Amino acid sequence: MPRDSVQLSPRLRFGAAPREAFGPGKAELLRLIAAGGSIRSAAAQMGMSYNRAWTLVRDMNRLFRGPLVEAERGGGSGGGATLTPTGRKVLAHYDRMEKACLAAIRADWRSLRRLLR
């Protein structure tokens with residue numbers, strides 16, 4: 001990452017346990033599932049095990065009122081995964097919150113950047 005850029009990703013906690021949170025990792029997993037239609041492919045792109053990705057998907061599906069990801073088992077048809085309407089809404093809200101956070105810190109970031117060597 002260039003030295004003069006900033007990244008800010010909200011981590012939302014809905015309870016004390018890590019599985020009761022939603023942040024940049026889970027958002028990226030949802031984006032990759034949506035783009036590729038596969039939990040296995042999304043996991044590989046993120047450098048995580050397929051089992052870990054499934055655990056995160058199950059945690060997210062339990063956290064919200066409706067599941068975020070629907071998956072079909074492999075086999076002859078090849079399986080696959082898609083975001084549900086709830087999954088697309090959660091991801092859209094998260095993306096808007098991330099952009100709002102960046103907008104909120106823009107002026108302070110410019111000032112702070114000037115203090116760098």
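Based on this model, can you work out whether ALA44 counts as under 22 Å from LEU12 (Cβ atoms) and over 10 Å from the mean Cα position of the chain (by Cα)? For ALA44, the condition - under 22 Å from LEU12 (Cβ atoms) and over 10 Å from the mean Cα position of the chain (by Cα) - is not met. Residues of the range 12-32 that are farther than 13 Å from ARG62 by Cα and within 10 Å of the chain's Cα centre (by Cα): GLY23, PRO24, GLY25, LYS26, ALA27, GLU28, LEU29, LEU30, ARG31, LEU32.
For VAL6, the conditions (1) outside any helix (DSSP H, G or I); (2) buried (at least 16 other Cβ atoms within 10 Å of the Cβ) are fulfilled apart from (2).
Checking the stated criteria, ALA43 turns out not to satisfy the condition of being loosely packed, with under 14 Cβ neighbours inside 10 Å and in a helix (DSSP H, G or I). Name every residue in the range 14-40 that is modelled with pLDDT under 95 and surrounded by fewer than 13 Cβ atoms within 10 Å (Cβ to Cβ), in order of residue number. Matches in the range 14-40: PHE14, GLY15, ALA16, ALA17, PRO18. Among the residues of the range 58-97, the ones that are farther than 14 Å from LEU32 by Cβ, outside any helix (DSSP H, G or I) and among the hydroxyl-bearing types (Ser, Thr, Tyr) come to 2 in all.
The values are calculated or read from the model by the stated rules, or taken from the named source; none is laboratory data. Everything numeric here is computed off the predicted structure, so don't read it as measured data. Cβ sites come from the backbone with ideal geometry, for glycine too, and all protein chains shown count toward neighbours.
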